[in-house]
Amino acid sequence: MSHALPLIYLCRHGQTNWNAEGRIQGQVDTPLNALGRVQAKRNGRYLRLALGSAVKDFHFVASPLTRTRETMRIIRRECGLEPDDFATDERLMELNFGDWQNRTLEEISRDEPQEIARRDADKWNFKPNGPTAESYRMLADRARPVFEGLAGRSIVVAHGGITRVFLEMYGGVPPQEAAYALIQQDRVLKAEDGQIDWV
């Protein structure tokens, strides 16, 4: 780790119907589905068992999108905490996929095979078409100040993209490998004293 961070538990939101369909969400606001709520409960139970009464002393912050806020509420409820008592930070929003949002990779491969090839060659730096689109490198620059500004032990609920850039910034994962990392929705990433592990 290049920057000393406090103890962080980083959770991806639970599954949505768009996840199940393989549809790119990006910053489109979608709710959890039934499985996503079960996944969020699992993560909340894990944190309750792992942290016990100390969980109340953690700082809780989430992306402001519906799926992350809903996940955080479930986690806090499972931990015996008031569900809505957490902060949000727009810098934790998912990667903006520009014109690719609301499409599947299958559709994009059919319509824009040259763009898929460009992405595959350098996924970390690739930016889809569209005025608001971002690359993973841009996302890392956006998210870094959030993590490096945390004042103490924290539970963060965000997105697959945020977790990928976290692995690159603080876990020593090479950029291209991080961009392709599989980020599970029923596990929690624990970062403590320079060690990062799925729990």
* **Members of the range 172-193 that are within 19 Å of residue 58 (Cα to Cα) and out of contact with any helix residue (DSSP H, G or I) (no Cβ under 8 Å at 6 or more places or on another chain)** => 190, 192, 193
* To do: Give the residue that is most open to solvent (accessible area, probe 1.4 Å), with candidates limited to residues of the range 61-79 that are of a type outside the set (Val, Ile, Thr) and in a helix (DSSP H, G or I).
  => 77
* Give the residue that is farthest from residue 149 (Cα to Cα), with candidates limited to residues of the range 1-31 that are more than 14 Å from the chain's Cα centre (by Cα) and not in a loop (DSSP other than H, G, I, E, B). => 21
* Can you name the condition, by its number, that residue 106 falls short on among (1) surrounded by fewer than 22 Cβ atoms within 10 Å (Cβ to Cβ); (2) within 22 Å of residue 138 (Cα to Cα)? -> (2)
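Taking the condition of being more than 14 Å from the chain's Cα centre (by Cα) and under 21 Å from residue 4 (Cβ atoms), how many residues in the range 134-168 meet it?
9
With the requirement that a residue be open to solvent by less than 80 Å² (accessible area, probe 1.4 Å) and on the phi < 0 side of the Ramachandran plot, what does the range 36-55 give you?
Within the range 36-55, 36, 39, 40, 42, 43, 44, 46, 47, 50, 51, 54, 55 qualify.
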* Could you tell me whether the range 91-100 includes any residue that is surrounded by fewer than 22 Cβ atoms within 10 Å (Cβ to Cβ), in contact with a Lys or Arg (Cβ under 9 Å, 6 or more places away or on another chain) and among the charged types (D, E, K, R)? => yes
* Could you please give the count of residues in the range 10-29 that are free of Cβ contacts under 8 Å to residues at least 40 places away in the same chain and within 20 Å of residue 143 (Cβ to Cβ)? => 1
* Asked: Given (1) surrounded by fewer than 16 Cβ atoms within 10 Å (Cβ to Cβ); (2) farther than 29 Å from residue 38 by Cα, where does residue 142 come up short, assuming only one miss?
  -> (1)
* Out of the range 145-162, which residues are out of contact with any Phe, Trp or Tyr (no Cβ under 6 Å at 6 or more places or on another chain) and buried (at least 22 other Cβ atoms within 10 Å of the Cβ)? -> 147, 156, 157, 158, 159, 161, 162
* **Residues of the range 146-199 satisfying the condition of being closer than 22 Å to residue 74 by Cβ and charged (D, E, K, R)** => 153, 186, 187, 190
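The values are calculated or read from the model by the stated rules, or taken from the named source; none is laboratory data. Keep in mind that what you see is a predicted model, and the values were worked out from it rather than measured. Neighbour counts are summed over all protein chains in view; Cβ atoms, including those assigned to glycine, are modelled from backbone coordinates with ideal geometry. The accessibility values were calculated without ligands, DNA or RNA, using every heavy atom of the protein model including side chains. Shrake-Rupley method; radii C 1.70, N 1.55, O 1.52, S 1.80 Å.
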